[in-house]
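Everything on this sheet refers to the single structure shown next.
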Amino acid sequence: MNLISFKLEKRTPPPWWFRILMPILAVIISLAISSIFLLILRKNPFTAFYYLFYGGLGTKFAFLEMLVKATPLILTGIAVSIAFLAKYWNIGAEGQLYAGALLATWVGIQNFNLPPVFYVLLVIVAGFVGGGVWSFIPAYLKAKFKVDDVVTTLLMNYIMIYFVSAILEGPWRHPVSQYPESVNIAENAQLMQLIPRSRVHIGFLIAVAVVFVAYFIVKKTKLGFEIRATGSNPKAANFLGINTLKTIIIASVLSGGIAGLAGVSEVAGVHYHLIHNLSPGYGYSGIVIAMLGGLNPFGVLFAAIYFSVIITGAQMMSRSVGIPPYIADVIQGITLIVMLAMLLLFEYKISIRRGK
């Protein structure tokens, strides 16, 4: 009986220009595959994609709304990419976002008599601490007891989301409307509006600043080198004297803290109070964005804007062509699969062997 086995063999690394081109190819291929689904639905893909991108970029309102949605996507994308660089598979950015939002809301509703600059800074720090602490728990379990980080970070998403729901259904239920939402945070704790008559707030500038800071940390600091070395080859990193377990925990806390800032941007910049469905899945989208951006902070920035365009434009495409807006989720999923497949095929050669 002939048996067929597959073996992955390492290829010569592709040139730098191809690594830049790869996400663009992934986007084109994912749109081409998505068009098959549109054809099955008997819709013209060109018309659908026209309204998709017009809805995200075609008008001033659409563009500004795209920036609003891009803010948490940039932050969760950066958060995930830092963890992934250390080979710490943080699937918990969604829960860390809620943890940051929860602590930021608690600080924001205390009505501290502080000038807006200091109060906003306090809320931001609270959000970072909330996300960081929530991320520390699975990182410690991995470092100390080798507990699978994918499982723990994923499960902790549900714990935090349901905990927030319990809080909103109980002690934080709005005392007047009785809706499951907190009271508004203090006005001097809210993120300042960046563009008049729009929802764009300074959280977008903070997210862009985080991109530059993340790039500096990853590329120019000792910590960044240790994170990359730990992710590339833990044994070699240990041989160089790097404490890989400590590095994983630091990368995890940094990752969770940045994801917590995404929660701050939604609570203090968009809604001004904590709600059940604060995030439509920004934490999970951050995983796709980090992969599409090649774990590079600037790549993440462009990937987040691309996904924000799709998410924003999906509503117009739905209204204009009659396609469910969930097609945006389909495109995200296809993009992740295509990007992972390309990374696999361009880094490894699949050899087929026949045996008896």
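Name, by its number, the condition in (1) open to solvent by 50 Å² or more (accessible area, probe 1.4 Å); (2) touching a helix residue (DSSP H, G or I) at 6+ places or on another chain (Cβ under 6 Å) that does not hold for VAL129.
Unmet for VAL129, out of (1) open to solvent by 50 Å² or more (accessible area, probe 1.4 Å); (2) touching a helix residue (DSSP H, G or I) at 6+ places or on another chain (Cβ under 6 Å): (2).
Considering each residue of the range 217-241, count those that are touching a Ser or Thr at 6+ places or on another chain (Cβ under 7 Å) and over 21 Å from PRO138 (Cα atoms), and give that number.
In the first step, residues of the range 217-241 are kept if they are touching a Ser or Thr at 6+ places or on another chain (Cβ under 7 Å); the result is 226-227, 230, 234, 237-238.
Subsequent filtering for residues that are over 21 Å from PRO138 (Cα atoms) retains 237-238.
Here the count works out to 2.
Quick one: which of PHE84, PHE61 is modelled with pLDDT of 90 or more, in a helix (DSSP H, G or I) and open to solvent by 60 Å² or more (accessible area, probe 1.4 Å)?
On the way: PHE84 fails: open to solvent by 60 Å² or more (accessible area, probe 1.4 Å).
Result: PHE61 is the single residue among PHE84, PHE61 that is modelled with pLDDT of 90 or more, in a helix (DSSP H, G or I) and open to solvent by 60 Å² or more (accessible area, probe 1.4 Å).
Considering only residues that are within 10 Å of the chain's Cα centre (by Cα) and either surrounded by fewer than 24 Cβ atoms within 10 Å (Cβ to Cβ) or on the phi > 0 side of the Ramachandran plot (or both), which ones fall in the range 87-99?
Applying the first criterion (within 10 Å of the chain's Cα centre (by Cα)) to the range 87-99 yields 91-94, 97.
Matches in the range 87-99: ILE91 only.
Condition check: open to solvent by less than 10 Å² (accessible area, probe 1.4 Å) and at pLDDT 95 or above. Does VAL264 satisfy that?
Working: open to solvent by less than 10 Å² (accessible area, probe 1.4 Å): yes; at pLDDT 95 or above: yes.
Spelling it out, VAL264 is indeed open to solvent by less than 10 Å² (accessible area, probe 1.4 Å) and at pLDDT 95 or above.
Residue check: is PHE136 open to solvent by 80 Å² or more (accessible area, probe 1.4 Å), under 24 Å from ALA83 (Cα atoms) and among the aromatic types (Phe, Trp, Tyr)? Steps first, please.
Details: open to solvent by 80 Å² or more (accessible area, probe 1.4 Å): yes; under 24 Å from ALA83 (Cα atoms): yes; among the aromatic types (Phe, Trp, Tyr): yes.
In short, yes.
Among the residues of the range 1-50, count how many are within 26 Å of VAL330 (Cβ to Cβ), open to solvent by 70 Å² or more (accessible area, probe 1.4 Å) and hydroxyl-bearing (Ser, Thr, Tyr).
Count: 1.
LEU64 passes all but one of (1) in contact (Cβ under 8 Å) with a residue 40 or more places away in the chain; (2) in contact with a helix residue (DSSP H, G or I) (Cβ under 8 Å, 6 or more places away or on another chain); which number fails?
Status for LEU64: all satisfied but (2).
Taking VAL150, is it of a type in the set (Val, Ile, Thr), out of contact with any Leu (no Cβ under 6 Å at 6 or more places or on another chain) and surrounded by fewer than 20 Cβ atoms within 10 Å (Cβ to Cβ)? Step through it out loud before you land on a result.
Values: of a type in the set (Val, Ile, Thr): yes; out of contact with any Leu (no Cβ under 6 Å at 6 or more places or on another chain): yes; surrounded by fewer than 20 Cβ atoms within 10 Å (Cβ to Cβ): yes.
Judged against the criteria, VAL150 is a match.
Those residues that are at pLDDT below 95 and either in contact with a Phe, Trp or Tyr (Cβ under 7 Å, 6 or more places away or on another chain) or of a type in the set (Gly, Ala, Ser) (or both), I need them from the range 204-244; list them, please.
Within the range 204-244, GLY224, ALA229, GLY231, SER232, ALA236, ALA237, GLY241 qualify.
Does the range 100-122 contain any residue that is surrounded by fewer than 22 Cβ atoms within 10 Å (Cβ to Cβ), among the β-branched types (Val, Ile, Thr), in contact (Cβ under 8 Å) with a residue 24 or more places away in the chain and not in a helix (DSSP H, G or I)?
Yes, the range 100-122 contains at least one residue that is surrounded by fewer than 22 Cβ atoms within 10 Å (Cβ to Cβ), among the β-branched types (Val, Ile, Thr), in contact (Cβ under 8 Å) with a residue 24 or more places away in the chain and not in a helix (DSSP H, G or I).
Could you tell me which numbered condition PRO171 fails, if it satisfies all but one of (1) surrounded by 13 or more Cβ atoms within 10 Å (Cβ to Cβ); (2) more than 21 Å from LEU261 (Cα to Cα)?
Condition not satisfied by PRO171: (1).
Do the conditions hold for GLY263, that is, is it touching a residue at least 60 places away in the same chain (Cβ under 8 Å), part of a helix (DSSP H, G or I) and touching a Ser or Thr at 6+ places or on another chain (Cβ under 7 Å)? If you could, list the steps in order and put the result at the bottom.
Numbers: touching a residue at least 60 places away in the same chain (Cβ under 8 Å): yes; part of a helix (DSSP H, G or I): yes; touching a Ser or Thr at 6+ places or on another chain (Cβ under 7 Å): no.
No, not satisfied.
Among the residues of the range 178-208, write down those that are open to solvent by 50 Å² or more (accessible area, probe 1.4 Å) and in a loop (DSSP other than H, G, I, E, B).
GLN178, TYR179, VAL183, ASN184, MET192, LEU194, ILE195, PRO196, ARG197, ARG199
The values are calculated or read from the model by the stated rules, or taken from the named source; none is laboratory data. All values derive from a computational prediction rather than experimental measurement. Ideal geometry is used to build each Cβ from the backbone, glycine not excepted, and the neighbour counts take in all protein chains shown. Just the protein is used for accessible areas: all its heavy atoms, side chains included, with ligands, DNA and RNA removed. Shrake-Rupley method; radii C 1.70, N 1.55, O 1.52, S 1.80 Å.
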